[in-house]
């Protein structure tokens, strides 16, 4: 940088993702959102797998598309414009593969990364959060006890995307809770491991096309070769994974905000009051101007975070800033879109109320915005 | 945040060994600019980098990853207790074998106190 133009490959990915989102996601978004109980749908996952979208960030040598983080963000924005909920199964998978690519040894990468690539791909998941350990990662209680050639895992993970669905999970557990951060470890756990069961599946306000729930570990045996990195380096692994995957998740939120903006703009052009389109009333026009401005600002901040990651630089500050700004921007933009559509916007006849419900989650997951502000303020 | 803390510890451990950035960088196969960026916390440090640096600087991995503040050289030189300061001063004048012998003795005394 400086230069804000996407390169040819990124433009090609953008066009491809936009077509995928229009054809394979958007037509099903409203239906899945309204489905009762869990609306997760393997049919959507199969479409993602066919396009190798689950392996988007996985290096090509392991069967993925191997795109850089900026391209990931560009693609995710397009998918987010169609349905945030449908991205989540892929997003949960990307978190796990980002972690595995970052710290996995060659054997671990060869065994697990190809599982999420190609037509027959399965999902993956990253399991950090617990009922009593959300923002405070050092409070993790899931216990890993070494026994011969194995670690024995016991505990419960909560709010895990793809819980009960994934072929494998990256699970964070402590070898000694008294050591707090310094006792954390990351393990690869097979989805069908003995003693691993699915607990409660959450009924959520938005992101209805995804499955989020509890994972219960009851004496689950993990071979030592499934420990990621070195013993007791889990905190660094978790921090790096979340820092690096954050801007990509944020990009999906920007996509949803853009979709809300586009819906509002189209409506404002058509809807007439006092004899002219409401777009020509300054009260509405200025709202749309603010929406467009904030979307652009969020996108540039997010792209900067991605650029830092791709350059091998520390992206912590930009990642956290993009998360805070973009996710709060998205709520404001969706709220204004509902306002512009008026009564229509508040009904299920228009998609904007769904965008609003979906984007709210983004201020909470992947490190709450309050935690992001702690990170930002500590680096000032 | 995390990289800055680790970077400071790398700098400290390097200086303890009396190595310049150029010397350590060349041993690690990095450019001096890259090592400088690591020490400043500007570049992302992968676990593999930290392991390599730890080996080169004769420190356990935990030295770089565990949450202990890096003290300035001035703080290091001023222990709070005069007796401890005296012990450190006298110990540093003894040969390594003597120091190890005394360390064992201190451990034995501490066990007896429990």
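The values are calculated or read from the model by the stated rules, or taken from the named source; none is laboratory data. What you are looking at is a predicted structure, and each value in this text was computed from that prediction instead of being measured. Don't worry about glycine lacking a Cβ; one is built from the backbone with ideal geometry, like all the others, and counts go over all protein chains shown.
Among the criteria (1) in a helix (DSSP H, G or I); (2) closer than 30 Å to residue B:5 by Cα; (3) within 17 Å of the chain's Cα centre (by Cα), the one residue A:300 does not fulfil is (3).
Residues in region A:257-272: is at least one surrounded by fewer than 16 Cβ atoms within 10 Å (Cβ to Cβ) and either assigned to a strand (DSSP E or B) or within 14 Å of another protein chain (Cβ to nearest Cβ) (or both)? The answer is yes; a qualifying residue exists. Residues of region B:6-17 that are in a helix (DSSP H, G or I) and surrounded by fewer than 16 Cβ atoms within 10 Å (Cβ to Cβ): B:15, B:16. A single member of A:229, A:183, A:195 is within 14 Å of chain B (Cβ to nearest Cβ) and at positive phi, and it is A:229. Residues of region A:132-146 that are surrounded by fewer than 18 Cβ atoms within 10 Å (Cβ to Cβ), in contact (Cβ under 8 Å) with a residue 60 or more places away in the chain and in a strand (DSSP E or B): A:146 alone. Take the conditions (1) modelled with pLDDT under 95; (2) buried (at least 21 other Cβ atoms within 10 Å of the Cβ); residue A:239 misses just one of them, which is (2). Scanning region A:150-172 for any residue that is out of contact with any strand residue (DSSP E or B) (no Cβ under 8 Å at 6 or more places or on another chain) and over 30 Å from residue A:334 (Cα atoms) turns up nothing. Within 14 Å of another protein chain (Cβ to nearest Cβ), under 30 Å from residue A:127 (Cβ atoms) and in a helix (DSSP H, G or I) - does that describe any residue in region A:361-372? Within region A:361-372 (the criterion being within 14 Å of another protein chain (Cβ to nearest Cβ), under 30 Å from residue A:127 (Cβ atoms) and in a helix (DSSP H, G or I)), the answer is yes, since at least one residue qualifies. Scanning region B:18-56 for residues that are in a helix (DSSP H, G or I) and either under 17 Å from residue A:236 (Cβ atoms) or within 14 Å of chain A (Cβ to nearest Cβ) (or both) yields a total of 17.
Does region A:288-301 contain any residue that is under 30 Å from residue B:65 (Cα atoms), touching a helix residue (DSSP H, G or I) at 6+ places or on another chain (Cβ under 8 Å) and either buried (at least 19 other Cβ atoms within 10 Å of the Cβ) or at pLDDT 95 or above (or both)? Scanning region A:288-301 turns up at least one residue that is under 30 Å from residue B:65 (Cα atoms), touching a helix residue (DSSP H, G or I) at 6+ places or on another chain (Cβ under 8 Å) and either buried (at least 19 other Cβ atoms within 10 Å of the Cβ) or at pLDDT 95 or above (or both). Would you check if there is a residue in region B:82-93 being away from chain A (no Cβ under 14 Å) and either at pLDDT 90 or above or under 29 Å from residue A:98 (Cβ atoms) (or both)? For region B:82-93, residues away from chain A (no Cβ under 14 Å) and either at pLDDT 90 or above or under 29 Å from residue A:98 (Cβ atoms) (or both): absent.
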